1. Could you check how many percent of all C-alpha pairs in the stretch B:70-138 are farther apart than 21 Å?
2. Per residue, how much accessible area does the protein assembly as shown show when a 1.4 Å probe rolls over the protein heavy atoms, in square angstrom?
3. How would the stretch B:3-53 be classified by its alpha-carbon gyration tensor: rounded, prolate or oblate, with rounded meaning a/c under 1.5 and the a/b versus b/c comparison settling the rest?
4. In deg cm²/dmol and to the nearest 500, what is the mean residue ellipticity at 222 nm of chain B if only DSSP H runs of at least 4 residues count, each as -39500 (n - 2.57), divided by the residue total?
5. Reported to two decimal places, what Rg/Rh ratio describes chain A when computed on Cα atoms with Rh from the Kirkwood expression?
6. Considering all projection directions equally, how large on average is the shadow of the alpha-carbon convex hull of the protein assembly as shown, in square nanometres?
7. For chain A, return all DSSP H helices satisfying: extent of Cα atoms along own axis at least 27 Å; mean Kyte-Doolittle hydropathy at least 0.5.
8. Kirkwood Rh over alpha-carbon pairs of chain B, then Stokes-Einstein at 4 °C and 1.567 mPa s: what D in µm² s⁻¹, rounded to an integer?
Amino acid sequence: MALNDKDRRLLHALQDGLPLVPRPYAAVAEAVGLSEADVVARLARLADEGVVKRFGVVVRHRELGYRANAMTVWDVPDEAVAATGRRLAELDFVTLCYRRPRRLPDWPYNLFAMIHGRDRASVLRLVEQATEVAGLAGHPRAILFSRRGFKQRGARYLGQPARPEPALAG
Amino acid sequence: MDCGSTYDTLDRRLLDEFQRGFPLTERPFADLAERLQTGEGEVIERLRRLKEEGAVSRVGAVVAPHALGRSTLAALAVPAERLDEIAELVSGYHEVNHNYEREHRFNLWFVVTAEDEDAVAAVLDDIARRTGLEPLDLPLLEPFHLDLGFALQWR
């Protein structure tokens, strides 16, 4: 996937999302100095190429009643982690699933899955279900429930935000 | 919050049905309105309200990790009495987009995103210097999921 300057400018301008106006792509186009048709074509191409993984309404789980989420981590032998991770990722309640490095001795876990639920008990049930389905029983594990969210917004790769987004309480 | 009582059918459909494949057309909100059998103005007004209320973060792109820049997941083991102060310090970086308290000895977890690896490392170094705490640096090595949005279960 090759990104050029115009692609970057476009994605930068979209960091806060589309403006909620009748012709949002025209508004974005004006902001970045492209035509409306070019903006639309570029977004379609970036989605095809996998740079844009999805385009649409991004919801906040917590505000929608999914009060509990647990970053669940396992220590899986390196040769098994890819197959295990793919099985985990197929579960619809797993929203993120990544391999990350261990940092011994402080951090022995290399497989990360984010699991959301309405409350703690339902998240724990889902963790057990995930453990079983992905064949993770017996692997060292930690369940890191979130307590407070201090900040949540889309990533900003380039420079200062146009508008500050308030930190989330609760 | 009980979703069931807070959001009506139109809100729910807006939240559920357009998490991906948003129309790339001149009047995308009019397309949504047609599918929802309502007006374009109503769709725009509702999305504005859902955004203001915090249910919607944005209507836009979820960009693949590392397509545009570099990021890492980092964690600090913060003494309880310093947690509020250090959480605020960490949230103060515009390179930090997620910052959560979690139940673990490593109790503050945040994502640092910047143009390149050096810029990410500079933020972690700066946080280490200002807090006296050494962050765990856990960059993504391999993604396993496709982000298809999140299926909401309404009560």
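1. For the stretch B:70-138, the share of Cα pairs beyond 21 Å comes to 13 percent.
2. It amounts to 45 Å² per residue over the protein assembly as shown.
3. It comes out prolate by the Cα gyration axes.
4. For chain B, the value works out to -11500 deg cm²/dmol.
5. Expressed as Rg/Rh, it is 1.04.
6. Its Cα hull, projected and averaged over all orientations, spans 16.5 nm².
7. Counting only whole DSSP H runs, no helix qualifies.
8. Estimated diffusion coefficient is 70 µm²/s.
The values are calculated or read from the model by the stated rules, or taken from the named source; none is laboratory data. Predicted model, so just to flag it, every value in this text is computed and none were measured. Note that we place each Cβ from the backbone using ideal geometry, even for glycine, and neighbour counts take in every protein chain shown. Surface areas here come from the heavy atoms of the whole protein model, side chains and all, with no ligands, DNA or RNA. Shrake-Rupley method; radii C 1.70, N 1.55, O 1.52, S 1.80 Å.
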